[in-house]
Each structure stands twice: as C-alpha cells, then as structure tokens.
Amino acid sequence: MEFFEKTLQERVLYDGKIIRVHVDDVELENGKPALREVVDHPGGVSVAILTENEELIFVRQFRYPYKQVLLELPAGKLEPGEDPFEAMKREQREETGTFSSRYVPLGEVYPTPGYCGEIIRMWACRAEGEAVELSLDEDELLCPVRIPLQKAVEMVLNNEIHDAKSQIGVMKASLLVKQGLL
C-alpha cells in the first residue's frame, strides 16, 4: 500500500490572520470516501538557548486556549516568505534579548499531524551575550526564566513542562550537551 489520500473537494470554513480551516472530501487508497478536517498554519520556529551557567532560557506566557501560563522555549510563528533560520534568530532576540553565532539544528516537529499542517523548525545554541532589550509584539506578554538544564530535564520527565516543542528541545539539548556538541 502507498497510503495516499486523494483530495476530491476542499471547503474553506475559516480564513483568518494565522490559520485557515477547511474540510476536504478525500478518496482513500481502497476507493472509499472520507472527510478530513484540516488546519493550515504557516509554521513556527523554536530555540533551546543554553547560558554559560548551563541554564536554559524559557519564557512564561499565558496561553489562551488552555487558560493558563505555560513554560516554553522561545518560539514564534513564521511570517509569509520568512526564512525559518532568520525567524528563529529574530524570536531569540525579541523574547530573550540574547544572540548567538553558532546554532545546532534540532530538526522539525509535527506537533499535531492528525489535523494540522504546522511544522516547527528547531535549533539549539549557547547564548553569547545579551545585546538588546526584549522587543515583544504588541499583543505579547511574557517573562524570560532561566532554569538549570538538569532541572529542566527533570521538569519534562515530571510533566511540569507541558509544551511539546519545549519537551523535545530540552531533551535534545541535554543529549547534545552530554555528547559535547552544544
């Protein structure tokens, strides 16, 4: 089996500032019909920033869908046509005021493949200094927080960090440090 679904018709339900929602009629490989509800998202970036004191820089931010404050690695969505690597460096500067000259790619994450096409591209780096003040979006309120790397790993394992990209970034950064690659 090839595991492919042929799109027969797409009905757009919502076309907003960030997401687009549509319902598609598809034909499965076995010829049977099915419906697929899809959220199109421009994608995002995230960075695990390690300080000279072996701390990861997180941001605490209220996340409306959950009605709670989450602890996350710095991240942001891509603007149309924006290069993911440049977007990640922009988010690093804006949300933490730090910069780096060497980045290690951590790959891509598909956070919700059952219904959303979002792809988050991830990197890790060591902060080389703090050059700028935070430069947040008008509707963005957050607070940078530094957590020792080993404590962050424990927090992931104890389900104290709920955000998937942050869990992945913490664990990959920890492995890279142990291997001497970060």
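All of the numbers you see were taken from the coordinates with simple rules; none came from a lab. Fair warning: this is a prediction, and the values are worked out from it, not measured in the lab. We place every Cβ from the backbone using ideal geometry, glycine too, and count neighbours over all the protein chains shown.
The trypsin sites (Lys or Arg not before Pro) of segment 11-44 that DSSP puts in a loop, and whose beta carbon has at most 14 other beta carbons within 10 Å, are Lys17.
For the chain, the calculated P(r), taken from all Cα-Cα distances in 5 Å bins from zero up to the bin holding the longest distance, is 1, 8, 14, 18, 18, 13, 9, 7, 6, 4, 1, 0 percent. Pairs of lysines in the chain whose Cα atoms sit within less than 19 Å of one another amount to 10, provided the residues are eight or more positions apart or on different chains. Label-to-label distance for Tyr110 and Ala164 is 1.0 nm, based on points extended 7 Å past Cα in the beta-carbon direction. Note on the chain: with a GNM built from Cα contacts shorter than 10 Å, the maximum mean-square fluctuation among Thr98, Thr112, Thr51 falls on Thr112. The translational diffusion coefficient of segment 41-124, from Stokes-Einstein at 10 °C and 1.306 mPa s with a Kirkwood hydrodynamic radius over alpha carbon pairs, comes to 117 µm²/s.
Could you check which residue among Leu50, Leu141, Leu149 shows the biggest mean-square fluctuation in a GNM of the chain with a 10 Å Cα cutoff? Among Leu50, Leu141, Leu149, the largest GNM mean-square fluctuation belongs to Leu141. A run of the chain free of exposed loop cleavage sites, with GluC sites (Glu not before Pro) counted only in DSSP states other than H, G, I, E and B and at most 14 other beta carbons within 10 Å, reaches its longest extent at 55-127.
When DSSP beta bridges are restricted to pairs lying wholly in segment 44-178, around 75% turn out antiparallel.
For the chain, modelled as a GNM whose springs connect Cα atoms under 10 angstrom apart, the maximal fluctuation among Val45, Val26, Val59 occurs at Val26. For segment 86-182, trypsin sites (Lys or Arg not before Pro) are listed when DSSP marks them as loop and at most 13 other Cβ atoms sit within 10 Å of their Cβ; the list is Arg102. By the beta-carbon count within 10 Å of each Cβ, the least crowded to most crowded order of Ile161, Ile18, Ile147, fewest first, is Ile18, Ile147, Ile161.
Charges were assigned to the Cβ only: +1 to each Lys and Arg, -1 to each Asp and Glu. The resulting dipole of the chain about its Cα centre is roughly 500 debye.
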